[in-house]
1. Leaving out ligands and nucleic acids, note down the accessible area per residue over the protein assembly as shown with a 1.4 angstrom probe, in whole Å².
2. Roughly how much accessible area, to the nearest 100 Å², goes out of reach of solvent when A and B pair up, both sides summed, probe 1.4 Å?
3. What's the FRET efficiency of residue B:3 with residue B:78 using the Cβ-Cβ distance as r and R₀ = 22 Å, to the nearest 0.05?
4. How much accessible surface does residue B:43 have with a 1.4 Å probe, in Å² rounded to 10?
5. Under a Cβ-only charge scheme (Lys and Arg +1, Asp and Glu -1), can you give me the dipole magnitude of chain B about the Cα centre, in debye to the nearest 20?
6. Bin all alpha-carbon pair distances of the protein assembly as shown at 5 Å intervals from 0 and give each bin's fraction as a whole percent.
7. Which of the chymotrypsin sites (Phe, Trp or Tyr not before Pro) across region B:13-113 are loop residues per DSSP, with 12 or fewer other Cβ within 10 Å?
8. Please give me, ordered by residue number, the chymotrypsin sites (Phe, Trp or Tyr not before Pro) of region A:36-65 that lie in loop per DSSP and have at most 11 other Cβ atoms within 10 Å.
Amino acid sequence: DAGVTQSPTHLIKTRGQQVTLRCSPKSGHDTVSWYQQALGQGPQFIFQYYEEEERQRGNFPDRFSGHQFPNYSSELNVNALLLGDSALYLCASSLDGGGAQPQHFGDGTRLSIL
Amino acid sequence: GENVEQHPSTLSVQEGDSAVIKCTYSDSASNYFPWYKQELGKRPQLIIDIRSNVGEKKDQRIAVTLNKTAKHFSLHITETQPEDSAVYFCAAYYSFGNEKLTFGTGTRLTIIP
């Protein structure tokens, strides 16, 4: 049973560039959430996708956008990269059941902005 | 919005002793409280969770307690082992309006052999 997988593992970009991160949810899961984890901090909620639509959003600017595909996989896009965007980006999947459901995380993508 | 505070930020205990990590949340509408363990360079791993209609839950050496009145919840690890060394995060799920999981700032637990 495949868990949550993310790609790429590491990524180096420069300021102003754009980046796309990818996530495949755990088998049987239909909901994908994205988090940003700065060094030494807890994960911060970016947004959640369900039925190919953004369902909830955290306090992140419009430079952060996403997409969910019919197979439930998801992408996170970040435009006009800033130095402060350097972080570990985590994807978590869950099964929608109305209300809170356990979320299972992938290994993340380490994004470094030069 | 929801705010989760976690204490202590670091904790060292002798192998075999117990460890307790405490969290408080701000919004009484939160109804789901998971705990995650994150080893260095690895993914956060769900180790135990509790819902607001339950006061305590136990899974082998790990237990979580919830006090809804005080808006406190705690993680208890008994008979600690070296492999328990990691960063532990608590979280609270706010389920009305902008539903989302809010994490605490983490506790670095070190088990001293």
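The values are calculated or read from the model by the stated rules, or taken from the named source; none is laboratory data. No experiment lies behind these values; they were computed from the predicted model shown. We place every Cβ from the backbone using ideal geometry, glycine too, and count neighbours over all the protein chains shown. Heads up: the accessible areas ignore ligands, DNA and RNA and are worked out on the full protein's heavy atoms, side chains in. Shrake-Rupley method; radii C 1.70, N 1.55, O 1.52, S 1.80 Å.
1. Details: 10950 Å² over 227 residues.
In whole numbers, the protein assembly as shown has 48 Å² accessible per residue.
2. Summing both sides, the interface buries roughly 1700 Å².
3. 0.15
4. 80
5. Here chain B has a charge dipole of around 220 debye.
6. Spelled out per bin, shortest first, that is 1, 7, 15, 18, 19, 17, 12, 7, 3, 1, 0.
7. Counting only loop positions with at most 12 other Cβ atoms within 10 Å, the chymotrypsin sites (Phe, Trp or Tyr not before Pro) in region B:13-113 are B:96.
8. none
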